[in-house]
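Read the structure below first, then the notes.
The values are calculated or read from the model by the stated rules, or taken from the named source; none is laboratory data. Since the structure is predicted, the reported quantities are computational estimates derived from the model, not experimental observations. Because the Cβ atoms are built from the backbone with ideal geometry, glycine has one as well, and the counts that use them run over all protein chains shown. Only protein heavy atoms, including side chains, enter the accessible area calculation; ligands, DNA and RNA are left aside. Shrake-Rupley method; radii C 1.70, N 1.55, O 1.52, S 1.80 Å.
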Amino acid sequence: MSAPPKTVLVATPQEEEAIRQAVRTARPNAPDSVLAGAEHVPGLVTLLADPAVSGPIYDLPRPINTETVSAWVAEAQALRQKGEALLFVSLDPAGDVAGYSRFSVWPDRASAEIVGARRADLQSRGQGGSGAARSFGWMFEALGVRLVGLTAALDNVRSAKVIEAAGFVRMGERDSVRPDGTIRRSLYWELTRDQWQALRTAP
(Lines give C-alpha, C1' and ligand atoms only; values in the text may rest on other atoms or scores of the structure.)
Protein backbone atom coordinates (compact mmCIF):
# COMPACT_ATOMS: atom_id res chain seq x y z
CA MET A 1 0.00 0.00 0.00
CA SER A 2 1.15 3.55 -0.68
CA ALA A 3 2.70 5.26 2.33
CA PRO A 4 3.31 8.98 2.93
CA PRO A 5 6.85 10.35 2.70
CA LYS A 6 9.26 9.85 5.59
CA THR A 7 9.52 13.60 6.05
CA VAL A 8 6.45 14.83 7.92
CA LEU A 9 4.96 18.15 6.86
CA VAL A 10 1.93 19.70 8.53
CA ALA A 11 -0.56 21.49 6.30
CA THR A 12 -2.77 24.28 7.55
CA PRO A 13 -6.51 23.53 7.32
CA GLN A 14 -6.74 25.96 4.40
CA GLU A 15 -3.84 24.32 2.56
CA GLU A 16 -5.27 20.85 3.17
CA GLU A 17 -8.67 21.81 1.78
CA ALA A 18 -7.08 23.53 -1.23
CA ILE A 19 -5.15 20.34 -2.05
CA ARG A 20 -8.27 18.19 -1.66
CA GLN A 21 -10.20 20.47 -4.00
CA ALA A 22 -7.33 20.46 -6.50
CA VAL A 23 -7.38 16.66 -6.55
CA ARG A 24 -11.15 16.50 -6.97
CA THR A 25 -11.06 18.85 -9.96
CA ALA A 26 -7.71 17.85 -11.49
CA ARG A 27 -7.40 17.13 -15.17
CA PRO A 28 -4.65 15.02 -16.77
CA ASN A 29 -1.34 16.68 -17.50
CA ALA A 30 -0.93 15.03 -20.91
CA PRO A 31 -3.20 15.20 -23.98
CA ASP A 32 -3.35 11.41 -24.33
CA SER A 33 -4.46 10.84 -20.71
CA VAL A 34 -7.93 10.56 -19.20
CA LEU A 35 -9.38 9.72 -15.79
CA ALA A 36 -9.63 5.95 -15.45
CA GLY A 37 -13.14 4.53 -15.44
CA ALA A 38 -14.87 1.17 -15.65
CA GLU A 39 -14.57 1.32 -19.43
CA HIS A 40 -10.79 1.12 -19.12
CA VAL A 41 -10.70 -2.00 -16.95
CA PRO A 42 -10.22 -4.50 -19.84
CA GLY A 43 -7.33 -2.43 -21.20
CA LEU A 44 -5.77 -2.10 -17.77
CA VAL A 45 -6.01 -5.86 -17.22
CA THR A 46 -4.22 -6.44 -20.51
CA LEU A 47 -1.57 -3.84 -19.66
CA LEU A 48 -0.92 -5.03 -16.13
CA ALA A 49 -1.01 -8.74 -16.94
CA ASP A 50 2.38 -8.24 -18.62
CA PRO A 51 5.12 -8.90 -16.03
CA ALA A 52 7.38 -6.46 -17.88
CA VAL A 53 4.91 -3.73 -16.90
CA SER A 54 3.59 -4.79 -13.50
CA GLY A 55 6.52 -6.77 -12.13
CA PRO A 56 8.44 -3.84 -10.57
CA ILE A 57 5.32 -2.21 -9.06
CA TYR A 58 4.52 -3.15 -5.47
CA ASP A 59 1.08 -1.63 -4.90
CA LEU A 60 -0.97 -3.15 -7.71
CA PRO A 61 -3.81 -5.53 -6.88
CA ARG A 62 -2.92 -9.22 -7.13
CA PRO A 63 -3.83 -11.38 -8.87
CA ILE A 64 -4.44 -9.09 -11.83
CA ASN A 65 -7.85 -9.84 -13.26
CA THR A 66 -11.10 -8.08 -14.10
CA GLU A 67 -12.44 -8.28 -10.54
CA THR A 68 -9.34 -6.94 -8.79
CA VAL A 69 -8.66 -4.21 -11.33
CA SER A 70 -12.32 -3.12 -11.27
CA ALA A 71 -12.10 -2.74 -7.50
CA TRP A 72 -8.80 -0.83 -7.83
CA VAL A 73 -10.33 1.63 -10.31
CA ALA A 74 -13.42 2.08 -8.14
CA GLU A 75 -11.27 2.69 -5.07
CA ALA A 76 -9.33 5.40 -6.93
CA GLN A 77 -12.59 7.06 -8.00
CA ALA A 78 -13.82 7.10 -4.40
CA LEU A 79 -10.52 8.48 -3.11
CA ARG A 80 -10.60 11.20 -5.77
CA GLN A 81 -13.88 12.44 -4.32
CA LYS A 82 -12.13 12.66 -0.93
CA GLY A 83 -9.21 14.52 -2.54
CA GLU A 84 -6.73 11.75 -1.84
CA ALA A 85 -5.95 9.96 -5.13
CA LEU A 86 -6.08 10.14 -8.91
CA LEU A 87 -5.84 7.37 -11.48
CA PHE A 88 -5.18 8.34 -15.08
CA VAL A 89 -4.74 6.10 -18.11
CA SER A 90 -2.90 7.07 -21.28
CA LEU A 91 -4.37 5.95 -24.58
CA ASP A 92 -2.58 5.17 -27.82
CA PRO A 93 -3.88 6.42 -31.22
CA ALA A 94 -6.08 3.33 -31.47
CA GLY A 95 -7.69 4.12 -28.13
CA ASP A 96 -6.06 1.23 -26.30
CA VAL A 97 -4.63 1.64 -22.80
CA ALA A 98 -0.92 2.36 -23.18
CA GLY A 99 -0.04 3.20 -19.58
CA TYR A 100 -1.30 4.50 -16.27
CA SER A 101 -0.38 6.97 -13.53
CA ARG A 102 -1.69 6.74 -9.98
CA PHE A 103 -1.22 9.68 -7.64
CA SER A 104 -1.62 9.12 -3.90
CA VAL A 105 -2.08 12.37 -1.97
CA TRP A 106 -1.92 13.12 1.75
CA PRO A 107 -3.51 16.60 1.95
CA ASP A 108 -2.93 16.95 5.69
CA ARG A 109 0.79 16.56 5.01
CA ALA A 110 0.89 18.50 1.70
CA SER A 111 2.57 15.43 0.22
CA ALA A 112 2.08 13.02 -2.65
CA GLU A 113 3.45 10.00 -4.47
CA ILE A 114 3.19 8.81 -8.07
CA VAL A 115 3.39 5.28 -9.43
CA GLY A 116 2.92 4.34 -13.06
CA ALA A 117 4.03 2.37 -16.06
CA ARG A 118 3.87 2.24 -19.84
CA ARG A 119 3.17 -0.67 -22.13
CA ALA A 120 6.26 -2.78 -22.79
CA ASP A 121 6.46 -1.88 -26.50
CA LEU A 122 6.52 1.83 -25.58
CA GLN A 123 9.32 1.56 -23.02
CA SER A 124 12.99 2.39 -23.65
CA ARG A 125 12.15 5.07 -26.22
CA GLY A 126 13.83 7.88 -24.34
CA GLN A 127 10.53 9.52 -23.38
CA GLY A 128 10.29 8.31 -19.78
CA GLY A 129 12.41 11.10 -18.34
CA SER A 130 10.50 13.96 -19.94
CA GLY A 131 7.14 12.43 -19.08
CA ALA A 132 8.16 11.85 -15.47
CA ALA A 133 9.51 15.39 -15.11
CA ARG A 134 6.23 16.76 -16.46
CA SER A 135 4.28 14.70 -13.92
CA PHE A 136 6.47 15.81 -11.02
CA GLY A 137 6.02 19.46 -11.92
CA TRP A 138 2.29 18.97 -12.36
CA MET A 139 2.03 17.57 -8.83
CA PHE A 140 3.62 20.70 -7.36
CA GLU A 141 1.78 23.15 -9.60
CA ALA A 142 -1.67 21.65 -10.13
CA LEU A 143 -2.15 19.74 -6.87
CA GLY A 144 -0.34 22.23 -4.65
CA VAL A 145 1.67 19.71 -2.64
CA ARG A 146 5.01 20.68 -1.11
CA LEU A 147 6.68 17.28 -1.01
CA VAL A 148 6.83 14.24 -3.29
CA GLY A 149 8.20 10.88 -2.16
CA LEU A 150 9.04 8.05 -4.55
CA THR A 151 10.07 4.42 -4.26
CA ALA A 152 11.52 1.87 -6.68
CA ALA A 153 12.51 -1.76 -6.39
CA LEU A 154 16.15 -2.27 -5.43
CA ASP A 155 16.92 -3.66 -8.89
CA ASN A 156 14.85 -1.16 -10.89
CA VAL A 157 17.80 0.66 -12.43
CA ARG A 158 15.78 2.39 -15.14
CA SER A 159 13.36 4.05 -12.71
CA ALA A 160 16.21 5.04 -10.39
CA LYS A 161 17.95 6.86 -13.24
CA VAL A 162 14.77 8.74 -14.20
CA ILE A 163 14.07 9.73 -10.59
CA GLU A 164 17.58 10.96 -9.90
CA ALA A 165 17.80 12.78 -13.22
CA ALA A 166 14.71 14.74 -12.15
CA GLY A 167 16.57 15.98 -9.06
CA PHE A 168 15.11 13.77 -6.35
CA VAL A 169 17.30 13.28 -3.29
CA ARG A 170 18.14 9.68 -2.38
CA MET A 171 17.15 9.00 1.22
CA GLY A 172 18.12 5.37 1.69
CA GLU A 173 15.61 2.56 1.68
CA ARG A 174 12.18 1.83 3.11
CA ASP A 175 9.83 -1.12 3.40
CA SER A 176 6.95 -1.01 0.93
CA VAL A 177 3.89 -3.04 1.90
CA ARG A 178 2.15 -4.94 -0.90
CA PRO A 179 -1.67 -5.30 -0.85
CA ASP A 180 -1.26 -8.90 0.39
CA GLY A 181 0.74 -7.68 3.38
CA THR A 182 4.15 -8.88 2.22
CA ILE A 183 7.09 -6.49 2.31
CA ARG A 184 9.29 -5.26 -0.52
CA ARG A 185 12.48 -3.42 0.32
CA SER A 186 12.60 -0.30 -1.85
CA LEU A 187 14.91 2.54 -2.74
CA TYR A 188 13.51 5.86 -1.57
CA TRP A 189 13.74 9.51 -2.70
CA GLU A 190 12.14 12.85 -1.85
CA LEU A 191 11.85 16.23 -3.56
CA THR A 192 10.38 19.40 -2.09
CA ARG A 193 8.63 22.12 -4.06
CA ASP A 194 11.40 24.57 -3.14
CA GLN A 195 14.04 22.17 -4.48
CA TRP A 196 12.04 21.64 -7.65
CA GLN A 197 11.66 25.38 -8.20
CA ALA A 198 15.41 25.89 -7.63
CA LEU A 199 16.19 23.25 -10.24
CA ARG A 200 13.90 24.98 -12.73
CA THR A 201 15.61 28.34 -12.29
CA ALA A 202 19.18 27.07 -12.10
CA PRO A 203 21.40 28.38 -14.94
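Table for the structure above
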{"item": "Lys, Arg +1 and Asp, Glu -1 on Cβ, resulting dipole of the chain about Cα centre, debye, nearest 20", "result": "380 debye"}
{"item": "Portion, in percent, of the accessible area of the chain that falls on carbon or sulfur, probe 1.4 Å", "result": "55 percent"}
{"item": "Accessible surface, the chain, averaged per residue in Å² (probe 1.4 Å)", "result": "49 Å²"}
{"item": "MRE, 222 nm, helices only [DSSP H, n ≥ 4, -39500 (n - 2.57), over the chain, to nearest 500]", "result": "-10500 deg cm²/dmol"}
{"item": "Extent along principal axes [Cα atoms of the chain; Å; largest to smallest]", "result": "40, 37, 35"}
{"item": "Dipole of the chain, positive direction: furthest Cα of Pro107, Ala11, Trp189, with charges on the beta-carbon", "result": "Trp189"}
{"item": "At 0.890 mPa s and 25 °C, Stokes D of region 76-196 from Kirkwood alpha-carbon radius, µm² per second", "result": "161 µm²/s"}
{"item": "Reduced Cα scattering model of region 129-184, Debye log10 I(q)/I(0), q = 0.13, 0.19, 0.28 Å⁻¹", "result": "-0.40, -0.79, -1.15"}
{"item": "³J(HN,Hα), Karplus 6.51/-1.76/1.60, whole Hz, each residue of region 16-32, x for Gly, Pro", "result": "4, 5, 5, 5, 4, 5, 4, 5, 4, 10, 5, 10, x, 9, 9, x, 9"}
{"item": "Mean separation of Cα contacts under 8 Å, 6 or more apart, over the residue count of the chain: relative contact order %", "result": "24 percent"}
{"item": "Region 1-80 and region 130-168: distance between their alpha carbon centers, rounded to Å", "result": "15 Å"}
{"item": "Region 32-114: radius of gyration and largest Cα-Cα distance (Dmax), Å", "result": "12.7, 40"}
{"item": "Simple Cβ-charge dipole of region 1-92, Lys/Arg +1 and Asp/Glu -1, about Cα centre, in debye nearest 20", "result": "200 debye"}
{"item": "Compactness relative to 2.2 N^0.38 Å, alpha carbon Rg of region 1-55", "result": "1.61"}
